Every structure is written in C-alpha cells, then in structure tokens.
Amino acid sequence: MNDDFPADEAPRDLLGDPVDLARDSWGRPEFEKTEEKQEVVRVLKAAGWSQERIARYLGCDVKTLRKHFSLELSLAADQAEAEALLTIHRRMKEGNVSAANRVLVLAEKGKAAPPQPKNQQPEDAPAPAADKLGKKERLEQAAKVPTGNWGDLLGKVH
C-alpha cells in the first residue's frame, strides 16, 4: 500500500480524506467597516444614540460595534462640533453675514471665564448665613465645637 497520492487529486487531510474547501466559506461573513458606516456611527453617537441602538441600526452586535468603531464612538461629539465650526467659518469667509455673526458669538463664548465647579465658590462670595444652613451643615459646625465635661471624665480615668 502506497501512502503517496497522485498530484491530480483534490487536497487531502492527514488521514487521507479529501479536504472540503467549501467549508471555509461557512458561517456569517465578517463585518465590513466602510467609510459610510464610520460616518453613520459618528453622526448617530453625536446625536445621543446609545451603542445598542447604533449596533441595531447597523445590524451588528454591540461588541462588534465597539471593536470596529471605538474611535468614532469616543470622539463623535467633538468631531461633529469641529466640522460644524469649520463649515460656519468657511461660509463666513465667503461673505455670509449670518455665519460671521455666529462666529463672533462663538468667539465671545470662548473668551468667557470657565464655569466654577458647584462645590467651589468665588473668593469674594459671602459665606452662607447660619440661619440658611441646612441640617447637615449645622451638625457639621456643631461637631467642631467641643461640648460636655470631657476634662472631668478624663481626670477620673487616670
């Protein structure tokens, strides 16, 4: 018995059985990322759609969406705002007066002081009045003031 197979036959596996080449095409085709789908993801994410909703629209799983479009998902709002600003600026350069007014408004907005965090007050702001304090604030202030006869109690321990 000869282990060599003639060259004109179909390829065979290690056991000598013919290899089914059609098997490689079984299953669902791999998800194809296109520029059109990238733009769709950017626009929908910037509009506030959830990842689940975008994946359902594209006909893929959420994990597939994250795998192929992670950059678009994380930068969507910034990219959309930048494109809008550039479009307005181009129209202003073409002589569009309403676009020029919009650019001036946006420029003034950019010069404004950044908003203060909620827990931080400006230095010149007056301290809140004691009668306007809430229950927790009054308890915190009361806890800072020593009360009772601790000196008498500590003297007895020693």
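The values are calculated or read from the model by the stated rules, or taken from the named source; none is laboratory data. All of these numbers come straight from a predicted model, not from anything done at the bench. We work out accessible area using only protein heavy atoms, side chains counted, and drop any ligands, DNA or RNA first. Shrake-Rupley method; radii C 1.70, N 1.55, O 1.52, S 1.80 Å.
Per residue, the solvent-accessible area of the stretch 45-106 (1.4 Å probe, heavy atoms of protein chains only, all protein chains present) comes to 70 Å². Shown for the stretch 60-106: the carbon plus sulfur share of the solvent-accessible area, taken with all protein chains present and a 1.4 angstrom probe, equals 57%.
Would you mind checking Lys37/Lys63; Lys37/Lys109; Lys37/Lys67; Lys45/Lys93 for any pair whose Cα atoms are more than 24 angstrom apart? Checking Cα-Cα distances, Lys37/Lys109; Lys45/Lys93 exceed 24 Å.
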